[in-house]
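So the structure is just underneath, and the comments pick up after that.
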Amino acid sequence: MAIQFKELEAIFLYNFTSFISWPEDKLPQGATVNICLVGENKRILDALSIIIDTEIYTENGHPLALIEIKQREEMSVCHIAFFSAEFNLEMLCPTLVKNSAILTVSDEDSFLEHGGMLLMGLYKNGRIKLILNHRQLQYVGLSVAPELLELVDIEEPERFICENNPKRQEIKIPVDTTGENIKPNNRQDLPKTKNTNEKEAFFSLMLMFIWVFTALVMVFIIVLALLNK
């Protein structure tokens, strides 16, 4: 059975825990990494549930938890928040403030324009496409590994509208005057690995992990079916 886009998204959400760094006050040593789902998305929920049941810890030794977010006030517990296509802008607003340290992800085309950080899509060849608002990610206090930066495209809208703003005025994202921010759509400014083969090798290993994981899930499902007969 071919793996579907939503299952791919779930695997990438899990893998992001290895390439994103949170401040110590947001994620102390041994603390749980909370992957949150905002909005209805049963397929990602089911896929992530299987992943977390199988991979109980991140590569850095943090326990994993999956949380369905229903109220805006619950957003503060999240480390990664995936917003479904019908996401509520009001739920996104708490993640936009300085040092909130929440990685926001979605597959909704307008997500970055509303202040989201990471957009996932599909290329025609079936590979995952990642578009990152790196400036916003830095603004909320997160950092990203160079290996992941090599796989993403950079888009950095300077303004967004937040539903939390009663006048619905545009909010300008502060620009880092130290020059550490990556310029939008300029891949020459991205950190480089030693050679382009390393990028291909990394992506191949990730795809291999996806297929191996899918095979293990299918075996697990078959075994359960046989035991229940």
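Structure notes:
- Scanning region 68-100 for residues that are out of contact with any Leu (no Cβ under 7 Å at 6 or more places or on another chain) and of a type in the set (Val, Ile, Thr), we see that the one that is nearest to Thr32 (Cα to Cα) is Val77.
- Leu48, sole failed condition from (1) part of a loop (DSSP other than H, G, I, E, B); (2) without any contact (Cβ under 8 Å) to a residue 60 or more places away in the chain: (1)
Yes/no per residue for (1) of a type in the set (Val, Ile, Thr); (2) within 16 Å of Gln136 (Cβ to Cβ):
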site: Thr17; (1), (2): yes, no
site: Ser21; (1), (2): no, yes
site: Thr54; (1), (2): yes, no
site: His62; (1), (2): no, no
site: Leu66; (1), (2): no, no
site: Ile102; (1), (2): yes, yes
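- Some residue of region 49-62 being touching a Leu at 6+ places or on another chain (Cβ under 8 Å), within 18 Å of Glu113 (Cα to Cα) and among the hydrophobic types (A, V, I, L, M, F, W, C): no
- Among the numbered conditions (1) in contact with a Pro (Cβ under 8 Å, 6 or more places away or on another chain); (2) modelled with pLDDT under 90, the only one that Lys6 does not meet is (1).
- Criterion applied to Pro23, Pro28 was being surrounded by fewer than 18 Cβ atoms within 10 Å (Cβ to Cβ) and either closer than 23 Å to Glu150 by Cα or under 13 Å from the mean Cα position of the chain (by Cα) (or both), and the one residue passing it is Pro23.
- One residue alone among Glu86, Glu108, Glu90 is under 22 Å from Lys6 (Cα atoms) and out of contact with any strand residue (DSSP E or B) (no Cβ under 9 Å at 6 or more places or on another chain), and that residue is Glu86.
- Exclusive hit being at pLDDT 90 or above and touching a Phe, Trp or Tyr at 6+ places or on another chain (Cβ under 6 Å), set Ser106, Ser76: Ser106
- Within region 138-152, the residues that satisfy the criterion of being within 8 Å of Ser21 (Cα to Cα) and either buried (at least 17 other Cβ atoms within 10 Å of the Cβ) or free of Cβ contacts under 8 Å to residues at least 40 places away in the same chain (or both) are Leu142, Val144.
- Selection within region 28-48 - farther than 21 Å from Lys70 by Cα and either among the small types (Gly, Ala, Ser) or modelled with pLDDT of 95 or more (or both): Gly30, Ala31
- Flag if Glu86 is at pLDDT below 80 and either closer than 20 Å to Glu40 by Cα or surrounded by fewer than 21 Cβ atoms within 10 Å (Cβ to Cβ) (or both): yes
- Filtering Ala81, Ala65 for residues that are in a strand (DSSP E or B), surrounded by 21 or more Cβ atoms within 10 Å (Cβ to Cβ), of a type outside the set (Asp, Glu) and touching a strand residue (DSSP E or B) at 6+ places or on another chain (Cβ under 8 Å) leaves a single hit, Ala81.
- Members of region 104-119 that are in a strand (DSSP E or B) and closer than 20 Å to Ser21 by Cβ: Thr104, Val105, Leu118
- Some residue of region 34-50 being of a type in the set (Val, Ile, Thr) and out of contact with any Phe, Trp or Tyr (no Cβ under 9 Å at 6 or more places or on another chain): no
- Scanning region 31-89 for residues that are under 20 Å from Ala101 (Cβ atoms), in contact with a helix residue (DSSP H, G or I) (Cβ under 8 Å, 6 or more places away or on another chain) and polar (S, T, N, Q) returns Asn34, Ser76.
The values are calculated or read from the model by the stated rules, or taken from the named source; none is laboratory data. The shown structure was predicted, so the numbers you read here are calculated from the model rather than taken from an experiment. Cβ atoms come from the backbone with ideal geometry, glycine included; neighbour counts cover every protein chain shown.
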